[in-house]
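Encoded as structure tokens, the structure appears first; notes follow it.
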Amino acid sequence: MEGGKVANGWRRDRLPEIVRAMASRPRHEALRGLVTELLQEGFGAAFSELEHERYLVDNSGRIDVAWGATVIELKTDLRREERDVVARMPDYLADATRSSAPGRTTVGLATDGATLLAYTLDRGTLAQIGRYETDVEHPERLLSWLEPLLSPVPEVMPTPIAVALAFGRYSLAFGRAHGKLQRLWAEIGDHPEVRLKRDLWDGLLRQVYGDDVGSDALFLQHTYLTILVKAIAARVLDLAIDDPAELLSGRLLANEGIVGAVEADFFDWPLLADGGADLVRTLAGETLRFRLRDVEVDVLKSLYESLIDPDERHDLGEYYTPDWLAARVVAAAIPRPLEQRVLDPSCGSGTFLFQALRRLIAAGREAGLQPAEIVATCADRVFGIDVHPVAVALARVTWLLALGDLVRDRPPTLSVPVFMGDSMQWSLRPLGASAEVLVDVPPNDPPLRIPAGLASDLILFERALDELNRGLDTLAEPEAIRDAIARAGATDEDAAMLGRTFAQLKQLYIDGRNHIWTFVLRNLLRPVWLSHPDHRADVLIGNPPWIVYRHLSAEMKDRLREALQSYDLWVGGPLATHQDMFALFWARGAERYLREGGTLALVLPYAALNAPVFAGIREGNMRRVRVAITGGWGLERVWPIFGAQSGSSTTSTCVLFGERDGEGPLPAEIDRWVGVLRRRDASEAEAAEALDRVRAPWPRARTLIAASPYRRRFRQGATLTPRRFFLVEHAAAGRLLSRRDAPRVRGRIGNLDKRPWTSVEPPEGPVERAFLREIALGESVAPYRVLDLVTGVVPMEDGAILDSTSADAHGHRGLAAWLRDAEAKWNEHSNKDVNGSPRVPLAQSLNHLQKLTAQSVRSPMRVIYPASGTRLSACWLENDNVIVDKDAYWSAANSLEEAAYITAVLNTTIVLNRVKDLQPVGQRDPRHFDNLVWTLPIPEFDAAEALHADLAAAALHAASVAARVDLPQAMHFTGKRRMIRQALVDDGVAETIERLVDALLPP
């Protein structure tokens, strides 16, 4: 007991000091003392067990610190010395392996205090298996990261942070497993059954994300994650996890009467390779440290987020909901948890399922229900679907974890009602008076066809599956299976279709591509069963995928457009690219899964509250279903919700509530939550302390119909992308120097580049001077002053865009060569249509919506302002050779006075404050201005109006003040803008203009 008190006191008082000192990269001997204390006090290392400056057996070097099978190399600064570590560590590890006990895995640590790197030898080759950056704000996380390496401590509380540190992307567990998975994949990746599973997985991800996102690396990450969560499921029940085949197939849990929690799926392929079973056994053993029945939140969500790259999750539309928000939505949407049937049609890792189950359990206990009755009610009331195979594996285990100790009181058979299925039913095809479901068979086989009517009858469908499996075991004839399914109760037509499907399955079996189909058919057809009127939900809840139309593949764009048109939700023209997948989840989810009078409660982008493209949702009449909006929560002033770690740091959020077949106008008010949370995964108590709720008017609808005549005059600048093809810098020309009429330039590499272009080499070569133009970016604009312009290659002549062929024909050899290089790279890396060709040629993309050729008419006076930012800035351009980039908006002005007048209005805080509620919101502030300013009634300049003339005169004075500010060349553009604004305030002209604009605009 006394030892425990000392350890706790050391962690509380001394550990933060040690971590703070380590983070400063102390000198060698000071770092040795800190590491020694960490090993002794944090992990119980005896002084006699620690070896310092131990010579290698061959006397070729010395190990700084050794403790058992762990060797530690101390460095002054790993940023400079990592190469030396990589050179020396194999010798240290080989030496330690010779002297350590048999069966022990030798691990090497290198650290300068601020960074820790972990290594092991994999078949004699050094492999980095983990990396950790010391976190002064959270000193205990260092011990959590080291524990799997130094001291597999049992009975660790499974907090989100602890689980992420133990198993996430930089964990030792992942580092060890990933290298082994790569080796296994190299050995058996082309096995017919393994290839089939990977292709089926890839096909499902295309359904999830609307584009080709699957890669071998992601498949291996998903395999690692699935093995872990299956082990966690077994650990919840205190089951032995030493039989990999039993664990991954689900037989381990099925023998305990739990079905549907773990199944043989796409990720059991390592068992086909030598060493695969050992990998599964080792990885499963990593879960033994956690006390899994004490889970209070969806910890698996944090594990997934810590494993998959944030940028990748942003591209995939994956924004997992924090537990405090899910709990509040559940409480608002499910007032009678013991009575209401709940479905999350895109359940992800199961956050909403977890909270719905916890609410149901609390209500059951309050009502005095027996534990077994509560568990049975959970299985009958809380359902989830997701087409993402890993999400389903996570959600099923999350569903079990939510039961806590009640899992001991489960009935003899407990079916976990979380299914891998396509809730949008893209594969449901009308067939005469009925319908059929098509199941793809990669790579190019005909799809399997299943009658939708039979799939909606769960008992009959399971009987049919049993007949299909028995037929495969005996290689029966298709006619025999057809007759058996008819005897089981299917119609003759449905039985005949399944007989033909069996013939395909039989051939797949013979080809060695069989062992996955029962799993696929059983899961992918469950949405049909859940959409049957007898099985629909009372509450549809969750956070559906947010994938903007322009990011979808060509095939998925067509599908989404047709689907939204069927609900009268499609808005074409300039709004077409703003459509979003979540709109279909709202409409189709209500139509197919929600009972009359049922409730929708979905976490959505803030744009659902006021963007014109989603007006149909707010109006409620969607042709095939009506959903009346009953309430909304504005979360645009809550930060962080998703945060940078989820890939969605700039996406603002709301919650929308609706009632199927309800009536009534859009509510006049919403609940607005305001506050800054201490952390993204804040607890409910922390959220309650940090957030305030106020009633506020429903956000004013954005509109493309402008109140100002300037709306039709201002337009966005040209789309000069990919940046490195068109923004350039002068290149070294060698001994022959550069021609005056065709300077040698090279595409600029910078932070404006986006994937996939970040890995593409920019063009380089001479370009005729006539096609080198100055470019105004958004960052080129400051209040009343033009900042730095950049140089760009602009292939435009006499109002026409040139491609390489036309440039060559006009005799522009330098430009033609430049464009040939750019076009070849564009054709290789740009988005493709269904035929594999670029969706649009490079020249067409460059002149998207004629934004470039619109600038072919020279304008001696233009007003420009950036498309986004936290403060609105504007200035005027008097150089008619400048091209305005897409990150800014521009308009020609009829005179200097008009340009000054417009600039004055745009630079005021009055205008900014009046459009803030229309802007999309970033991490802390609204971001995009676009044409929103012209929704204000800003009148066109009239020199005869005294107020207009006064504003123009004040702006001209402001420009002279801005011009006199001495701006450091190296300062960031945001700092330069702040200096200019401060000078305008100090001069007094800023206040003068604010008052004039206040008088100009009605309140």
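The values are calculated or read from the model by the stated rules, or taken from the named source; none is laboratory data. All figures in this text were calculated on a predicted structure; none of them were measured in a lab. Positions of Cβ are backbone-derived with ideal geometry, glycine not excepted, and every protein chain shown enters the neighbour counts. Note: accessible area is taken over every heavy atom of the protein model, side chains too, but ligands, DNA and RNA are not part of it. Shrake-Rupley method; radii C 1.70, N 1.55, O 1.52, S 1.80 Å.
Tabulated results
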read-out: Residue 459, sole failed condition from (1) aliphatic (A, V, I, L, M); (2) closer than 26 Å to residue 534 by Cα; (3) in contact with a helix residue (DSSP H, G or I) (Cβ under 7 Å, 6 or more places away or on another chain); value: (3)
read-out: Every residue from segment 655-697 that is outside any strand (DSSP E or B), charged (D, E, K, R), open to solvent by 30 Å² or more (accessible area, probe 1.4 Å) and more than 26 Å from residue 596 (Cα to Cα); value: 678, 679, 681, 684, 686, 689
read-out: Filter result (at negative phi, of a type outside the set (Val, Ile, Thr) and open to solvent by 40 Å² or more (accessible area, probe 1.4 Å)) within segment 482-498; value: 482, 483, 487, 492, 493
read-out: Residue 818 farther than 18 Å from residue 929 by Cβ, out of contact with any helix residue (DSSP H, G or I) (no Cβ under 6 Å at 6 or more places or on another chain), at pLDDT 95 or above and aromatic (Phe, Trp, Tyr); value: yes
read-out: Residue within segment 470-481 that is without any contact (Cβ under 8 Å) to a residue 60 or more places away in the chain, open to solvent by less than 60 Å² (accessible area, probe 1.4 Å), of a type outside the set (A, V, I, L, M, F, W, C) and out of contact with any strand residue (DSSP E or B) (no Cβ under 9 Å at 6 or more places or on another chain) present; value: yes
read-out: Options 391, 356; residue that is closer than 17 Å to residue 585 by Cβ and touching a residue at least 40 places away in the same chain (Cβ under 8 Å); value: 391
read-out: Residue check, residue 834 assigned to a loop (DSSP other than H, G, I, E, B) and either surrounded by fewer than 21 Cβ atoms within 10 Å (Cβ to Cβ) or not charged (D, E, K, R) (or both); value: yes
read-out: Scope segment 595-612; condition part of a strand (DSSP E or B) and open to solvent by 10 Å² or more (accessible area, probe 1.4 Å); matching residues; value: 595, 596, 597, 599, 605
read-out: Filtered residues of segment 327-382 (kept if assigned to a loop (DSSP other than H, G, I, E, B) and either over 12 Å from residue 542 (Cα atoms) or among the aliphatic types (A, V, I, L, M) (or both)); value: 334, 335, 336, 337, 338, 339, 340, 341, 367, 368, 369, 370
read-out: Qualifying residue in segment 390-407 (condition: at pLDDT 95 or above, open to solvent by 10 Å² or more (accessible area, probe 1.4 Å) and either in a helix (DSSP H, G or I) or of a type in the set (Gly, Ala, Ser) (or both)); value: no
read-out: Residue in segment 871-916 that is nearest to the chain's Cα centre (by Cα), counting only those that are β-branched (Val, Ile, Thr) and surrounded by fewer than 24 Cβ atoms within 10 Å (Cβ to Cβ); value: 915
read-out: Residues that are over 21 Å from residue 657 (Cα atoms), open to solvent by 40 Å² or more (accessible area, probe 1.4 Å) and not basic (Lys, Arg), drawn from segment 536-569; value: 551, 555, 558, 562, 565
read-out: Counted residues, segment 576-594 - those being over 22 Å from residue 931 (Cα atoms), in a helix (DSSP H, G or I) and of a type outside the set (D, E, K, R); value: 10
read-out: Residue that is surrounded by the fewest Cβ atoms within 10 Å (Cβ to Cβ), among those in segment 748-760 that are in a loop (DSSP other than H, G, I, E, B) and without any contact (Cβ under 8 Å) to a residue 40 or more places away in the chain; value: 751
read-out: Residue in segment 110-117 that is farther than 22 Å from residue 180 by Cβ, touching a strand residue (DSSP E or B) at 6+ places or on another chain (Cβ under 8 Å) and surrounded by fewer than 16 Cβ atoms within 10 Å (Cβ to Cβ) present; value: no
read-out: Failed criterion for residue 359 (all others in (1) open to solvent by less than 10 Å² (accessible area, probe 1.4 Å); (2) modelled with pLDDT of 85 or more; (3) in contact with a helix residue (DSSP H, G or I) (Cβ under 6 Å, 6 or more places away or on another chain) hold); value: (1)
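Results for (1) surrounded by 12 or more Cβ atoms within 10 Å (Cβ to Cβ); (2) touching a helix residue (DSSP H, G or I) at 6+ places or on another chain (Cβ under 6 Å); (3) at pLDDT below 90, shown as yes or no for each residue.
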{"residue": "34", "(1), (2), (3)": "yes, yes, no"}
{"residue": "51", "(1), (2), (3)": "yes, no, yes"}
{"residue": "54", "(1), (2), (3)": "yes, no, yes"}
{"residue": "66", "(1), (2), (3)": "yes, no, yes"}
{"residue": "70", "(1), (2), (3)": "yes, no, yes"}
{"residue": "81", "(1), (2), (3)": "yes, no, no"}
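Each row is one residue, and each column tells you yes or no for (1) touching a Gly at 6+ places or on another chain (Cβ under 7 Å); (2) at pLDDT below 85.
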position	(1), (2)
276	no, no
281	no, no
284	no, no
288	no, yes
291	no, yes
294	no, yes
299	no, yes
310	yes, yes
314	yes, yes
